[in-house]
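K.L.:
I have a structure I would like to understand better, so I am pasting it below and will then ask my questions one at a time.
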Amino acid sequence: MPAGASIRGARVTLTRGHTGETVFPPCYSVRTGTYHLAMAPTREAEELLLIEEADAWFEYLEATRGQTEPRYREVEPWAWARLGQRLRAVRTKRAKLRPAAAA
């Protein structure tokens with residue numbers, strides 16, 4: 001960590017010299033210039049669908065992890081059906097998004 005830097009939560013603050021003036025580091029996009037600005041909404045929607053898909057898998061794992069065998073046999077079919085339902089919804093949204101991106 002640079003001299004004069006301190007971490008407060010998720011924010012890094014830097015102090016300048018002896019004055020103690022607080023300076024925030026500039027915010028740069030990680031992907032600046034990697035895609036055309038007109039594609040930004042489509043890319044954001046795709047990223048949100050990826051997050052939704054991952055959330056569906058985590059919900060399945062959360063429901064089934066650490067269960068006793070009888071409870072697992074009871075919960076797993078429900079969790080698997082719920083996962084399938086959520087993944088189908090994601091695929092449907094993704095299919096609707098592709099024609100919009102091509103337009």
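The values are calculated or read from the model by the stated rules, or taken from the named source; none is laboratory data. On a predicted model such as this, the values are computed, not experimentally measured, just so you know. A quick note on method: Cβ atoms are made from the backbone with ideal geometry, for glycine too, and the neighbour counts reach across all protein chains shown.
K.L.:
Please identify the pairs in which a residue from region 50-69 that is surrounded by 11 or more Cβ atoms within 10 Å (Cβ to Cβ) and outside any helix (DSSP H, G or I) has its Cβ atom under 8 Å from the Cβ atom of a residue that is of a type outside the set (D, E, K, R) and at pLDDT 95 or above, counting only partners at least 6 apart or on another chain.
P.N.:
Correct list of pairs: 67/75.
Per-residue answers, yes or no, for (1) among the aliphatic types (A, V, I, L, M); (2) modelled with pLDDT of 85 or more:
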{"site": "4", "(1), (2)": "no, no"}
{"site": "11", "(1), (2)": "no, no"}
{"site": "41", "(1), (2)": "no, no"}
{"site": "52", "(1), (2)": "no, yes"}
{"site": "55", "(1), (2)": "no, yes"}
{"site": "61", "(1), (2)": "yes, yes"}
{"site": "74", "(1), (2)": "no, yes"}
{"site": "79", "(1), (2)": "yes, yes"}
{"site": "99", "(1), (2)": "no, no"}
